[in-house]
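The values are calculated or read from the model by the stated rules, or taken from the named source; none is laboratory data. The structure presented is a predicted model; accordingly, all values stated were derived computationally and were not measured. For neighbour counting, all protein chains shown are included, and Cβ atoms are generated from backbone atoms with ideal geometry for every residue, glycine included.
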Amino acid sequence: MATEALGFEEKIHGLIAYHGTLEELNPYNNPNHNELANPELFYGTAISVHDGIRAAQKSVLFDIACHAHVEYGKRGLGKRDLREDTADQLAERADVLAVMTAPLTTADREARGERIAGILSSIVSGQTVRFTEYDHFHRGFKSPQEVAIDVSRALFGVFANGHVSDRILTVQYDTPTTFAPTGDITVGERVVNIDVPALVKGNSLRVEPVAA
């Protein structure tokens with residue numbers, strides 16, 4: 001008997017619940033974690049169980065982000081001109097992008113979605129936008145990159161290399177096409193690349209409109 005496929009929200013909430021269950025099993029949440037982990041559940045030491053659970057949780061977070069990437073394509077968000085997004089459509093787009101950051105609470109998801117929507121709104125309103133990326137190697141911010149947006153041309157937010165784990169949103173002009181495998185296909189002209197998780201991870205990426 002065929003079973004009905006899970007929807008996007010069911011998948012995400014299920015994975016978040018799974019992440020929480022793993023956290024409950026972590027012996028480091030027990031004040032006596034220096035003893036062996038619960039022998040009825042594990043044969044390893046507390047540290048080995050802790051490391052294994054952390055690895056499993058990392059995999060769950062990665063899976064959440066990948067589901068969001070696939071959902072972005074399923075909804076055709078990469079083929080819709082950013083300038084044509086209504087307020088509700090922009091919020092929908094930003095919400096899916098927020099899930100790529102693997103938020104574990106509804107509050108985190110909403111806050112991240114609002115930030116992403118604000119950045120996209122600045123881009124499509126024709127403002128000059130300043131991007132300042134954090135340089136982890138030198139522990140400081142790189143020189144800001146200012147981008148003046150031409151809103152007389154179509155704008156698309158796409159994921160350029162096509163790999164499911166890539167969360168670099170490319171905003172480009174003219175066409176949602178990012179590569180030309182055969183024939184004379186016009187490829188979009190890149191405006192800027194945005195590391196979606198970096199938008200909400202500490203100070204990894206600052207994005208703000210430049211005052212006129």
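Got a sec? Which of ARG112, ARG167 is touching a Phe, Trp or Tyr at 6+ places or on another chain (Cβ under 9 Å), surrounded by 20 or more Cβ atoms within 10 Å (Cβ to Cβ) and of a type in the set (Lys, Arg)? Within the list ARG112, ARG167, the selection yields ARG167.
Kindly indicate the residue of region 57-80 that is of a type in the set (Gly, Ala, Ser) and closer than 24 Å to ILE123 by Cα and also surrounded by the most Cβ atoms within 10 Å (Cβ to Cβ) among those meeting that condition.
Restricting to residues being of a type in the set (Gly, Ala, Ser) and closer than 24 Å to ILE123 by Cα, the top hit is ALA68.
Look at VAL171 and say whether it is closer than 19 Å to VAL70 by Cα and either modelled with pLDDT of 90 or more or in a strand (DSSP E or B) (or both). In short, yes. For region 134-181, enumerate the residues that are within 25 Å of ASP63 (Cα to Cα) and among the β-branched types (Val, Ile, Thr). Correct list: VAL158, VAL164, ILE168, THR170, VAL171, THR178.
Quick grid of which residues meet (1) more than 17 Å from the chain's Cα centre (by Cα); (2) surrounded by 14 or more Cβ atoms within 10 Å (Cβ to Cβ); (3) more than 30 Å from LEU25 (Cβ to Cβ):
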{"residue": "LEU82", "(1), (2), (3)": "yes, yes, yes"}
{"residue": "THR106", "(1), (2), (3)": "no, no, no"}
{"residue": "LYS142", "(1), (2), (3)": "yes, no, yes"}
{"residue": "SER152", "(1), (2), (3)": "yes, no, yes"}
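Residues in region 54-79 that are hydrophobic (A, V, I, L, M, F, W, C), at pLDDT 95 or above and over 16 Å from PRO197 (Cβ atoms): ALA55, ALA56, LEU77. Selection within region 42-56: residues that are over 16 Å from TYR18 (Cα atoms) and in contact (Cβ under 8 Å) with a residue 12 or more places away in the chain. The member of this set that is surrounded by the most Cβ atoms within 10 Å (Cβ to Cβ) is VAL49. Taking each residue of region 193-206 that is touching a residue at least 40 places away in the same chain (Cβ under 8 Å) and over 17 Å from PHE62 (Cα atoms) and looking for partners that are charged (D, E, K, R) and assigned to a loop (DSSP other than H, G, I, E, B) with beta-carbon atoms closer than 6 Å, six or more apart or interchain, yields nothing.
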